[in-house]
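Read through the structure below, which is laid out as structure tokens, and then see the notes.
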Amino acid sequence: MSKERIKIAPEFFDIMPPEYQDLVTRATYGNESRGWKDIGTSKELIEEHSLCAGCPESMAFRYILASLPNPEDTVMVGSTGCTSLVFPHVAVHNIHSLFGNQNAVASGLKRALTVRFPGRIKDVVVLAGDGATVDIGLDMTLQAWFRQEKFTTICFDNELYANTGGQESGLMQKGFVAKMAPVGKTFEKVRLPEIARESGCHYVVNCTVSKPSLVEKVIKNAVYVAREIGPTYLQLYTPCILEIGKNSMEGLQEMRDSEKPTERFAYKEYISEPAKQLLAEIAAKEKERKAAAKQLTSQEA
Amino acid sequence: METTSVIGTKNKKGQVYTDPRVMMNEAPRTPSFFTGSEVIKEAVRRASVDVMIAYPITPQSEAAALIGELFAEGYIGDYFRGESEFAVMSECAGAAFGGARVFTTTAGPGTMRAMENFPMWAGARLPIQCIVTCRGINSPLSIQPDTIEISYLMQTGMLVWHAETAQDFYDWIMKGYMVSEEPDVHLPLALCCDGFFVTHTKDVVNLTPADMCLPPYDPYRSPVPCMDMECPPVRMMRDPFVMKSNYISYATHASWQQEVWAAIERSRKHTIAWMDGLIETENADADVLIVSSGTAVSQGREAIRLLADEGIRVGLVKIKTLRPWPGEEIREATKNAKYIIVPEFNVVGWMAREIKASIPNSDRVIAGPHVCGGMTMPPEIIVEQIKHALGIRSAALAGRGS
């Protein structure tokens, strides 16, 4: 979609909803250097959310939507869970269909967009919770990776089924007492990042969303690698403060505590050789672009 | 004046995008001797399909693999084997959300495994075409023909058609897209046939020219936005309905479901125009009528021939579409019948139940004979059922104990 498409006819501008006017005049569609720093200075692609106050998922959503490199040509696929309560507020096309089938939907979607728009970039990004990604949808998560489907899978890992009220999930820690794990979970947290690497993902990161700059970096890398090379996977800790007994203002600290070097969300990444090469090329081009811009500014001054 | 129409232009295989009415109703036909599976391939070759997703399950595997050959030849945009029927139907959904014309095939247990997807397809208004080559679904394992899965499909909000012959199949695959892609319909189509009887037998089928194909699907005629970011994304709702336990939420869900079923009703006029009615009748003024769908109709024809030899006149009603349900047509066609015989290839007799619910004096309906689990339906057992109804003594068939 070019920005031309969403231009409002001048005669009708004043009767369009203010949210829509904002989207057209102040959103960052088409801005190549968009990122988390735009938050608060321009129209965000998420208007509001219906998550709990202080939910780290809401932060993650804002950072991710600010960081997508190409939102004007990005389609997102969600699944059932807390994330599905947010997507209706998001200003990129997004699909919710069933619980756990997100990577299957994304496979068909990406292929259809490739058939319909040859030579054009259409990014597909999946965003789903850990129940959808690792439990009910694990088959389809892995099979999309085996097939080398060219889209990004983001898992919001809150280590339980939040939207249904805090039941045990595969990504829950061993020993945690939860609904449906009345004597504590009896097996280890599933090692999906390692499984993703072995399943053919070219870029895998396990981290929290405590640092927006880090989220921006990994989102951009994951989308670029998926676009050019093959599947990518991000596992982002977005704790369910409600179900682990924290207060609204304690989500950030919970993430910081969990990303310490010995903790389960210590930053971990895996990058395949072709992906390393691609990211190096992109970094070199970015450097060149910035140098040229700097030169231009100094000339003008 | 300049036109943006693709009619008359060629696709990359050199096929001419042809006005579907010209292609289906006027273009010359070539008789060809093909299996049902091969006929599916030939129809898809001419249907300008963008994406086909396949999964092996008897008896649809051959057709699904043959369409792979079409992909290799360049007739289809993309094709791959999915990981299960549930996943395949979700992959089909993704492709249709992205604006592609989508084709797939399944059967029996695969239909059941995929089932969660079908009401979602209908609710999302995705005009996917799914061929269902019916087979048994229950334990003990059977791979043989049995139409019980159709009774589940009938409640999904999909269009459901039941082909009798390979010729039906050939024509209805293409006509099916034309009906289901109408803006006032825009629903998925389950195009069913009886597995093996249609897929694995050879028949003479009159094919349209191979150098003509349907115009491509235009996703911007859909009543819901295509998920390709080519039109402005709207914020769909202030709060997701699932969050709300209130009247607005319930009313929204209710009206959406009503709209899906209204769209099935609106498909009626298009289907009648394309298929020359939702039912076909022969000698509908006879006292005894055989009413059914699929190959039970073919067996009924044989029974009618056998009875005619004995001077007993029996008429026939072939039901072509189950959704939309031709209730009015059946009521009219059966109004003078004293006995309505409903032979079926399933144990529950869903067709007889549907008919009973549609006509006055439903005690005229004789639900049977039924065969299931892959048994064939010899015309003789239909003959016997009719004679029994008429009070004519007949020699008991071996094993029936009647």
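In this structure the amide hydrogen of B:CYS213, modeled in the peptide plane, comes within under 5 Å of the amide hydrogens of B:VAL16, B:TYR17, B:THR18, none closer than 5 places in sequence on its chain.
Nearest-5 percent of antiparallel DSSP beta bridges in segment A:1-160? Of those bridges, close to 5 percent are antiparallel.
Ordering B:GLY294, B:PRO119, B:MET229 by the projection of their Cα atoms onto the charge dipole of chain B, which places +1 on the Cβ of Lys and Arg and -1 on the Cβ of Asp and Glu, puts B:PRO119 at the extreme positive end.
Near A:ASP157, the amide H atoms lying under 5 Å from its own belong to A:LEU236, A:TYR237, A:THR238; only residues 5 or more places off or on other chains count, and H is placed 1.01 Å from N.
Ranked from largest, the principal axis spans of the Cα set of segment A:177-264 equal 44, 30, 22 Å. Set the Förster distance to 35 Å, then compute FRET efficiency between B:ALA65 and B:ASP184 from the Cβ-Cβ distance, nearest 0.05. It comes to 0.50.
Of the peptides A:271-282, A:230-241, the order by per-residue mean of other Cβ atoms within 10 Å, starting with the highest, comes out as A:230-241, A:271-282.
Calculate, in nm to one decimal, what A:ASN247 and A:LYS276 gain on full extension: separation in residues at 0.36 nm each, minus their alpha carbon distance.
Details: separation 29, 0.36 × 29 = 10.44 nm, distance 4.00 nm.
Using 0.36 nm per residue and subtracting the Cα-Cα distance, I get 6.4 nm.
Scalar couplings 3J(HN,Hα) for segment A:14-25, obtained by applying the Karplus form with A = 6.51, B = -1.76, C = 1.60 to θ = phi - 60°, are 5, 9, 6, x, x, 4, 6, 4, 4, 4, 6, 8 Hz; x denotes Gly and Pro. With the largest listed first and rounded to whole Å, the semi-axes of the equivalent ellipsoid of chain B from the Cα gyration tensor are 37, 25, 21.
How big is D for segment B:1-154, in µm² s⁻¹ as a whole number, if Stokes-Einstein is applied with the Kirkwood radius of its Cα pairs at 4 °C and 1.567 mPa s? Walk me through the numbers on the way to the answer.
Working: Rh = 16.8 Å.
In µm²/s, the coefficient rounds to 77.
Positive-end ranking of A:GLY40, A:THR186, B:ALA337 along the dipole of the protein assembly as shown, with charges on Cβ about the Cα centre, is headed by A:GLY40. Per residue, the convex hull spanned by the Cα atoms of segment A:1-153 amounts to 127 cubic angstrom.
Peptide B:94-107: average number of partner chain Cβ atoms within 10 Å per residue? Don't skip to the answer; put the middle values down first.
Working: counts 18, 10, 4, 12, 17, 6, 8, 2, 2, 0, 0, 0, 0, 0.
Mean partner shielding for this stretch: 6.
3J(HN,Hα) along segment B:50-60: 7, 9, 10, 10, 10, 8, x, 7, 5, x, 9 Hz, from the Karplus curve 6.51 cos²θ - 1.76 cosθ + 1.60 with θ = phi - 60°, whole Hz, x for Gly and Pro. Counts of other chain beta carbons within 10 angstrom of each beta carbon in peptide A:87-98 average 6.
Give me the net charge of B:THR133's neighbourhood, meaning all other residues with Cβ under 12 Å from the Cβ of B:THR133; Lys, Arg count +1, Asp, Glu -1. Once positives and negatives cancel, what remains is -3.
In this structure, A:PHE117 and B:THR376 have a Cβ-Cβ separation that, at R0 = 45 Å, corresponds to a calculated FRET efficiency of about 0.35. Taking a point 7 Å out from the Cα of A:THR41 in the direction of its Cβ, the residues of segment A:1-27 whose backbone N falls within less than 14 Å of it are A:27.
What percent antiparallel are the DSSP beta bridges of chain B, to the nearest 5? Mind showing how you got there, number by number?
Numbers: 13 of 48 bridges.
Here the antiparallel bridges make up roughly 25 percent for chain B.
Dividing the C-alpha radius of gyration of chain A by 2.2 N^0.38 Å, with N its residue count, gives 1.02.
If you plug the beta carbon distance of A:MET180 and A:GLU228 into 1/(1 + (r/R0)^6) with R0 = 35 Å, you get a FRET efficiency near 0.25. Taken one residue at a time, the phi angles of segment B:5-19 give Karplus couplings (6.51, -1.76, 1.60, θ = phi - 60°) of 5, 8, 4, x, 8, 10, 8, 5, 8, x, 6, 8, 4, 10, 3 Hz. Gly and Pro are set to x. Annotation for segment A:5-68: trypsin sites (Lys or Arg not before Pro) lying in DSSP loop with at most 15 further Cβ atoms inside 10 Å of their Cβ are A:LYS7. In terms of overall dimensions, the C-alpha atoms belonging to segment A:146-301 reach 67, 40, 28 Å along their principal axes, ordered largest to smallest.
Under 5 Å from the amide H of B:VAL160 lie the amide H atoms of B:ALA190, B:LEU322, B:ARG323, each residue being 5 or more positions distant or on a separate chain, with H modelled from the backbone and absent for Pro and chain starts. Between A:LYS217 and B:VAL224, how many nm apart are label points set 7 Å from Cα along the C-beta direction? Inter-label distance under the simple model: 4.0 nm.
Inter-part distance, segment B:168-193 to segment A:268-285, computed on C-alpha centroids, equals 47 Å.
Expected output is a single nm value to one decimal: the length gained when fully extending between A:GLU300 and A:LYS287, i.e. 0.36 nm times separation in residues minus the C-alpha distance. What is it?
Details: separation 13, 0.36 × 13 = 4.68 nm, distance 1.99 nm.
Additional length available on full extension: 2.7 nm.
Going from the fewest other Cβ atoms within 10 Å to the most, the residues A:PHE117, A:PHE187 appear in the order A:PHE187, A:PHE117.
Taking other Cβ atoms within 10 Å as a rough exposure proxy, A:SER248, A:SER84, A:SER258, B:SER293 sort from fewest to most as A:SER248, A:SER258, A:SER84, B:SER293. Comparing A:VAL177, A:SER210, A:ILE195 along the charge dipole axis of segment A:125-261, the residue lying farthest to the positive side is A:SER210, per the Cβ-charge model. Among the listed pairs B:LYS175/B:LYS269; B:LYS356/B:LYS387; B:LYS202/B:LYS320; B:LYS318/B:LYS387; A:LYS189/A:LYS246; A:LYS110/A:LYS287, those whose Cα-Cα separation exceeds 24 Å are A:LYS110/A:LYS287. Roughly how many Å is it from the Cα centre of segment A:42-71 to that of segment A:159-221, as a whole number? What the calculation gives is 20 Å, centre to centre. Look at the stretch A:111-124: the mean tally of other chain Cβ atoms within 10 Å of its residues' Cβ atoms is 6. Where the alpha-carbon atoms of segment B:279-390 are placed on the principal axes, they occupy 33, 33, 23 Å, in descending order. Going from the residue with the fewest nearby Cβ atoms within 10 Å to the one with the most, B:VAL383, B:VAL347, A:VAL105 rank B:VAL347, B:VAL383, A:VAL105.
Only alpha carbons enter this Debye calculation for the protein assembly as shown, each as an equal point scatterer, and the log10 of I(q)/I(0) it gives at q = 0.11 Å⁻¹ is -1.14.
Electrostatic tally near B:THR156: other residues with Cβ closer than 12 Å to its Cβ, Lys and Arg +1, Asp and Glu -1, net -1.
Just so you know, all these numbers are worked out from the coordinates, no wet-lab data involved. Since we're looking at a predicted model, the values are computed, not measured. Using ideal geometry, Cβ is built from the backbone for each residue, glycine included, and neighbour counts are taken over all protein chains shown.
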